[in-house]
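Have a look at the structure below before the remarks.
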């Protein structure tokens, strides 16, 4: 296994274990715990928490329980957003990652509550570990990225069915890109790195987030082997506006690679400690699930 693969597997598993432990040890009603655990444990690449920890590693910060808590909080926010995104009022999807979506498995009411529970638990966990001003600033970055100026704002644009390529890319930068960007930026803020490095990492993460969504769109359209665990062409079924629907598959691939290149160029002047971030960008560019 490569260093990247080892890091993804090791810290992805640690984030999952952290979340499972917090939910299992809680005094919440068993039904809501079951719905939360089901949604957390239906697979997933854990890219966001790993990206947070990978950024800290590149900035030579020793990873502690506090950092694992923040990384896990980002994953909980991501999972809550997926639960709500799948609801009948949104995308009305029946499957995610090859399994029934939360509202199909547990009813719509429990899915709403499970999403709410994970979102609140994310902030509870971060607040428990906030000690310094840098910690608070990192939590603020995560809060803003997951709110109406970030991920939720992107969902609003998605529901409005944007007409232009420009609007579609803006939607991508918010709905998907905001949480990916904050996975990098919140870690950088917590580390106290200089403004130039912060700007380079911000540009890297912004382009990485857009490239990630473009790859998702490609897989939605072409997943002939059912590797994603979602119904093929679900975007078309839901009449979603995507870059592919406007420009076609070939142009989508070209745009994807362009944003990956931009991400890599953003950190080209950073030293070899950032090589795993470079490897991750190439890994995501070529992923098939």
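The values are calculated or read from the model by the stated rules, or taken from the named source; none is laboratory data. Small disclaimer: the values here were computed from a predicted structure and weren't measured. Glycine gets a Cβ as well: all are built from the backbone with ideal geometry, and neighbour counts include every protein chain shown.
Sort out which residues of region 82-108 are within 19 Å of residue 176 (Cβ to Cβ) and touching a helix residue (DSSP H, G or I) at 6+ places or on another chain (Cβ under 8 Å), and write them in order of number.
Matches in region 82-108: 82, 83, 84, 85, 86, 87, 90, 91, 93, 96, 101.
Looking at residue 137, is it farther than 24 Å from residue 41 by Cα and in a helix (DSSP H, G or I)?
Here the answer is yes, as residue 137 does meet what is asked.
Report yes if some residue within region 175-184 is buried (at least 16 other Cβ atoms within 10 Å of the Cβ), more than 22 Å from residue 258 (Cβ to Cβ) and either in contact (Cβ under 8 Å) with a residue 12 or more places away in the chain or in contact with a strand residue (DSSP E or B) (Cβ under 8 Å, 6 or more places away or on another chain) (or both); otherwise report no.
Checking region 175-184: at least one residue is buried (at least 16 other Cβ atoms within 10 Å of the Cβ), more than 22 Å from residue 258 (Cβ to Cβ) and either in contact (Cβ under 8 Å) with a residue 12 or more places away in the chain or in contact with a strand residue (DSSP E or B) (Cβ under 8 Å, 6 or more places away or on another chain) (or both).
Any idea which of (1) in a helix (DSSP H, G or I); (2) surrounded by 19 or more Cβ atoms within 10 Å (Cβ to Cβ); (3) under 18 Å from the mean Cα position of the chain (by Cα) is the one residue 42 doesn't satisfy?
(1)
Name the pairs: first residue in region 35-53 and under 21 Å from residue 64 (Cα atoms), second residue assigned to a loop (DSSP other than H, G, I, E, B) and at pLDDT 95 or above, Cβ to Cβ under 9 Å, at least 6 apart or on different chains?
Qualifying pairs under 9 Å: 53/63.
Closer than 23 Å to residue 207 by Cα and at pLDDT 95 or above: does that describe residue 75?
yes
Restricting attention to region 153-174, and to residues there that are farther than 21 Å from residue 249 by Cα and surrounded by 22 or more Cβ atoms within 10 Å (Cβ to Cβ), which single residue is farthest from the chain's Cα centre (by Cα)?
154
Let me confirm something: among 61, 77, which residue is surrounded by 15 or more Cβ atoms within 10 Å (Cβ to Cβ), in contact with a helix residue (DSSP H, G or I) (Cβ under 9 Å, 6 or more places away or on another chain), assigned to a loop (DSSP other than H, G, I, E, B) and touching a residue at least 12 places away in the same chain (Cβ under 8 Å)?
61
Considering only residues that are surrounded by fewer than 19 Cβ atoms within 10 Å (Cβ to Cβ) and in contact (Cβ under 8 Å) with a residue 24 or more places away in the chain, look in region 99-111 and name the one that is farthest from residue 68 (Cα to Cα).
105
Within region 1-30, count every residue that is touching a residue at least 40 places away in the same chain (Cβ under 8 Å), assigned to a helix (DSSP H, G or I) and loosely packed, with under 13 Cβ neighbours inside 10 Å.
Total meeting the criteria: 1.
Could you list all residues from region 140-163 that are in contact with a helix residue (DSSP H, G or I) (Cβ under 6 Å, 6 or more places away or on another chain) and either within 16 Å of residue 82 (Cα to Cα) or in a helix (DSSP H, G or I) (or both)?
Within region 140-163, 141, 142, 145, 146, 150, 151, 153, 154, 155, 157, 158 meet the criteria.
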